[in-house]
Structure formats: structure tokens, C-alpha cells
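Contents: one structure, followed by commentary.
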Amino acid sequence: MKIVIPPMKALVLLAVLLGSPPASVQGTRADYERAAGFLTDNVERSVQPADIRPTWVEGTDNFWYSEARAAH
């Protein structure tokens, strides 16, 4: 028994197999080191501390907040 694949389906299959990277691709060491710069401890040095306390408006999806700021 001979299996016949229509030319268009064969072309699509070939494009998918050749055009997509393997599923097991991981980042390089440099990628992980660059990503580590976005961890909480590193980001907190760049963000000003703020004491914001939201107060939800009952029965809605809205809130208001006040921000306590340190005196300069």
C-alpha cells in the first residue's frame, strides 16, 4: 500500500518542520543573568517606596487611595 500526500499538504508539513524551532529550546546563561536584573531585590532599588492604601468603594470595582509621603 502506497501513501500519497497531496503536494500542498506536503509543502505545509515541510514548512512547519523546517520553520519552527525545537520545543526544548532554553535560554542561554546570558539570558538568565539579564532576567535576574528584574528580580524583586534588584527592582526595588530603582523604585521609590510608597505607602499606598486602597479603599474599595462598596458594591463597585472602584477604589480610592491616599498616599503617605515622607517629608523632604
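The values are calculated or read from the model by the stated rules, or taken from the named source; none is laboratory data. Predicted model, so just to flag it, every value in this text is computed and none were measured. Please note: Cβ atoms are built from the backbone with ideal geometry, for glycine as well, and neighbour counts cover all protein chains shown.
Sub-8 Å Cβ pairs linking a first residue in region 20-33 that is surrounded by 10 or more Cβ atoms within 10 Å (Cβ to Cβ) to a second residue that is of a type in the set (G, A, S) and at pLDDT 80 or above, at least 6 apart or interchain, are G27/A35, ordered by first then second residue. In this structure, V47 does not satisfy being surrounded by 10 or more Cβ atoms within 10 Å (Cβ to Cβ) and either modelled with pLDDT of 80 or more or assigned to a loop (DSSP other than H, G, I, E, B) (or both).
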